[in-house]
Amino acid sequence: MEYEAFFRRQIDRLRADGNYRVFAEIERQAGNFPRAVLHNPPTGHPGENGAPREITIWCSNDYLGMGQHPDVLAAMHDAIDRLGAGAGGTRNISGTSIAHVELERELASLHGKESALLFASGYMSNWATLGTIAARLPGCIVLSDAGNHASMIEGIRHSRAERHIFAHNDPADLDRILATLPADAPKIVAFESVYSMDGDIAPIAAICDVADKHGAMTYLDEVHAVGLYGPQGAGIAARDGVADRLTIVEGTLGKGFGVVGGYIAASDALCDFVRSFASGYIFSTALPPAIAAGACASIRAVRAADGLRARHADRVRAVRAALDQAGVPHQLNPSHIVPVIVGDPIKTRLLTDRLLTRHGIYVQPINYPTVPRGTERLRLTPSPLHSDQDIAQLATALGAEWAELNLAESA
Ligand code: PMP
């Protein structure tokens, strides 16, 4: 077989569909977010890059700008100086630092759970936890929201457990499916709070009601909510006063908390079970202690930062109002994510290239398979650090390009 030719054909097909991903090479500059330097800006000629230029980032998941918070940077510098660069091993074999233990305590406290368990990423926490529980709990059946993230889907698949997909954010459909399943089989309902691409929010209490009725455990991914919502930024479940009804809360340290890593928070027994049986946890080098120290400092700062959350919500409102004024349609939802649907991958790329080359505004196009075909979009993520001027510039530029490309008709 011509292996190289196969790889190239697959890539060529992506290019022809407009779905080939070009990674923007960004030099983030601590203290300057949302400004950064882009090293490979498009020139408008396929395959050509221009000279490095300053950009304003409008698509970061560092939602609160914690990736440059002075407390976080200081904690990381200090931890490197005290504890060195790497963890030195897996958690089981010499890799458990005092910084990991402290962070896990902080996370358990944030979510009001007995324990927490750290992973290298949110992806790994979903994959390993759902995969391990569904595989190891005899006869376990998984109920998975139709909009769930790839990391949950892959973990569930990997477990080979029986699984059923319920309609997105639809407790009635979940109830209907659960009623068809054996009453005595163990079950787990896996869903998210804030869905990252549409920015819609799950009816957590109603899903818990259905799960309770059928004796199912609940697994909630709060990756796009932790730090941003609820008392002390503990997430949507905390905001809704239902955190204690969830069996497992899962989150990331890479978005609202601005660093990297993933975790679950749950009972002592459940965390100990995952710690003891999840290969993705056991057989992988622990996060560097400085990462754990930075994340811990970030959580502490965020817990105390109601003003930052209020400012974030205010910036989101301001962006929505400015887009309305500029005639740019955006999807309404109750979260901080502002989707602008273009509905075509090539036009989406054209729009984002123009925003970059003409206005220095960086928004990564979101294409299939991240979103369904025909719903290709910009996904704007305002942060507390975007100024009124940044917002005005975004709205003016987007309004002008939207009109010039005649997108109003296709959206
Ligand atoms: N869950 C959801 C809903 C996500 O969107 C993502 C990543 N974008 C993850 C989990 C994975 O988190 P991480 O980036 O920390 O691996």
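Structural remarks
- Under the Karplus curve 6.51 cos²θ - 1.76 cosθ + 1.60, θ = phi - 60°, whole-Hz ³J(HN,Hα) for the range 278-286, x wherever Gly or Pro sits: 7, 5, x, 8, 6, 9, 9, 4, 5
- Ordering 178, 83, 405, 332 by accessible surface, largest first, gives 332, 83, 405, 178; the 1.4 Å probe counts only protein heavy atoms, with every chain in place.
- Taking Lys and Arg as +1 and Asp and Glu as -1, the other residues whose beta-carbon sits under 14 Å from that of residue 313 total +4.
- Listed residues 375, 352 arranged by accessible area, highest first, probe 1.4 Å: 375, 352
- Between residue 165 and residue 314, residue separation times 0.36 nm minus the direct Cα-Cα distance comes to 50.1 nm.
- Computed from backbone phi, the HN-Hα couplings of the range 234-239 come to 7, x, 5, 4, 5, 4 Hz, rounded to whole numbers (Karplus: 6.51 cos²θ - 1.76 cosθ + 1.60, θ = phi - 60°; Gly and Pro given as x).
- A 1.4 Å probe over all protein chains sorts 271, 59 by accessible area into 59, 271, starting with the largest.
- Sites listed here are GluC sites (Glu not before Pro) in the range 34-113 whose DSSP assignment is loop and whose Cβ has at most 11 other Cβ atoms within 10 Å: 48.
- The amide H of residue 380, built 1.01 Å from its N in the peptide plane, has 338, 340 as neighbours under 5 Å, considering only residues 5 or more places off or on other chains.
- Farthest toward the positive end of the dipole of the chain, out of 130, 367, 108, is the Cα of 367, where the dipole comes from beta carbon charges about the Cα centre.
- Per-residue SASA entry for residue 121, accessible area with 1.4 Å probe, Å² rounded to 10: 40 Å²
- Using θ = phi - 60° and Karplus 6.51 cos²θ - 1.76 cosθ + 1.60, couplings along the range 18-35 (whole Hz; Gly, Pro as x): x, 9, 6, 8, 10, 7, 5, 8, 10, 9, 6, 10, 3, x, 10, 4, x, 7
- Simple Cβ-charge dipole of the range 68-304, Lys/Arg +1 and Asp/Glu -1, about Cα centre, in debye nearest 20: 480 debye
- Cα centroids of the range 339-411 and the range 209-225: 34 Å apart.
- Neighbour net charge for residue 172 - beta-carbon separation under 14 angstrom, K R +1, D E -1: -3
- Span from the the range 118-154 Cα centroid across to the the range 44-87 one, whole angstrom: 29 Å
- Residues whose placed amide H lies under 5 Å from that of residue 221, excluding near-sequence neighbours: 191, 192, 193, 250
- Counting only DSSP beta bridges whose two residues both lie in the chain, roughly 55 percent are antiparallel.
- Based on C-alpha pairs under 8 angstrom that are at least 6 apart in sequence, the chain has a relative contact order of 21 percent.
- In summary, the aspartates and glutamates within cross-link reach of residue 187, defined as a Cα separation below 19 angstrom excluding same-chain residues under 8 places away, comprise 145, 154, 162, 170, 173, 175, 209, 212, 221, 244, 250.
- Which of 118, 286, 321, positive extreme of dipole for the chain (C-beta unit charges): 286
- Sum of side-chain charges, residue 50 neighbourhood, beta-carbon under 13 Å (Lys, Arg +1; Asp, Glu -1): -2
- Distant-in-sequence amide contacts of residue 254, defined by a placed amide H-H separation under 5 Å and a gap of 5 or more residues or a different chain, comprise 259, 261.
- The magnitude of the dipole of the chain, with charges of +1 and -1 set on the Cβ of Lys/Arg and Asp/Glu and taken from the Cα centre, is near 380 debye.
The values are calculated or read from the model by the stated rules, or taken from the named source; none is laboratory data. Since we're looking at a predicted model, the values are computed, not measured. Positions of Cβ are backbone-derived with ideal geometry, glycine not excepted, and every protein chain shown enters the neighbour counts. Keep in mind that these areas ignore ligands, DNA and RNA; they rest on the heavy atoms of the full protein, side chains included. Shrake-Rupley method; radii C 1.70, N 1.55, O 1.52, S 1.80 Å.
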